[in-house]
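The block underneath contains the structure these notes are about, expressed in structure tokens.
The values are calculated or read from the model by the stated rules, or taken from the named source; none is laboratory data. If you're wondering where the values come from, they're calculated on a predicted model, not measured in any experiment. Backbone-built Cβ (ideal geometry, glycine too); neighbour counts: all protein chains shown.
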């Protein structure tokens, strides 16, 4: 195959993260938009765990984690220095923030979003647990426009799709909450041309169909 294949689902924050890394690096892939209820056999053969995003490289190797797809793309080309080269301290902070997002915040976000499936606690309780991370981001954004400084890094792009999901659970609450810097930061990202580009709609990929070039 001439380009890597990316299996994606438009609204999944992990898939958004992968598409952002590819777009911002200037790489090209063949994008296959799937429906999660009807996962194509070719995707499951490549990655039996069946979660998006999944990247299949030209040599047949598979990348199954969204942050690894971002890093794969940005290590090929990083025109905006999102990987924070030559700044190991900031790289460590970025990695810690992404790890906290994925391993601490995301489980609470899932319970907040689907509180009816987790009746052991209230929606408000799950939101409050998520706010522990939200407060951390608000504190960082009170010091500079982006999480680690004046310009965006991999941390901003890897995290904001999940904050967007958090905000959408109860948009009226989020818009009136005491997180003005987070609101500004999130709105700037979701109104950006980059976000509009990765959220372009593609027809669902069928086993016999063609992929669409993305990036």
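Quick one: residue 101 ticks every box in (1) more than 23 Å from residue 36 (Cβ to Cβ); (2) under 18 Å from the mean Cα position of the chain (by Cα); (3) not assigned by TED's automatic domain parsing to the domain that holds residue 13 bar one, so which box is it?
All conditions pass for residue 101, except number (1).
In the range 1-56, which strands (runs of 3 or more DSSP E) lie fully inside it and hold 3 or more residues that are in the same structural domain as residue 202 (by TED's automatic domain parsing), more than 22 Å from residue 190 (Cβ to Cβ) and without any contact (Cβ under 8 Å) to a residue 60 or more places away in the chain? Outline the logic, then answer.
Numbers: elements: 5-8, 29-33, 54-56.
Qualifying strands (runs of 3 or more DSSP E): 54-56.
Listed residues 56, 69, 63; which is surrounded by 14 or more Cβ atoms within 10 Å (Cβ to Cβ), in contact with a strand residue (DSSP E or B) (Cβ under 8 Å, 6 or more places away or on another chain) and closer than 23 Å to residue 151 by Cβ?
Answer to the selection: 69.
Return only the number of the condition from (1) farther than 22 Å from residue 196 by Cα; (2) surrounded by fewer than 19 Cβ atoms within 10 Å (Cβ to Cβ) that residue 97 does not satisfy.
The single condition residue 97 does not satisfy is (2).
Restricting the range 5-24 to residues that are over 17 Å from residue 50 (Cβ atoms) and crowded, with 22+ Cβ neighbours inside 10 Å, which is nearest to the chain's Cα centre (by Cα)?
The qualifying residue nearest to the chain's Cα centre (by Cα) is 17.
Quick test of your reading of the structure: residue 83 fulfils all but one of (1) assigned to a loop (DSSP other than H, G, I, E, B); (2) farther than 27 Å from residue 191 by Cβ; (3) touching a helix residue (DSSP H, G or I) at 6+ places or on another chain (Cβ under 8 Å). Name the failing condition by number.
Single failed check for residue 83: (2).
For every residue, the table says whether it meets (1) in the same structural domain as residue 37 (by TED's automatic domain parsing); (2) at pLDDT below 95; (3) surrounded by 15 or more Cβ atoms within 10 Å (Cβ to Cβ); (4) touching a strand residue (DSSP E or B) at 6+ places or on another chain (Cβ under 7 Å).
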| position | (1), (2), (3), (4) |
| --- | --- |
| 109 | no, no, yes, no |
| 134 | no, no, yes, no |
| 142 | no, no, no, no |
| 155 | no, no, yes, no |
| 177 | no, no, yes, no |
| 182 | no, no, yes, no |
| 186 | no, no, yes, no |
| 202 | yes, yes, no, yes |
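Tell me yes or no: at least one residue of the range 179-194 is more than 21 Å from residue 138 (Cα to Cα) and in contact with a helix residue (DSSP H, G or I) (Cβ under 8 Å, 6 or more places away or on another chain).
yes
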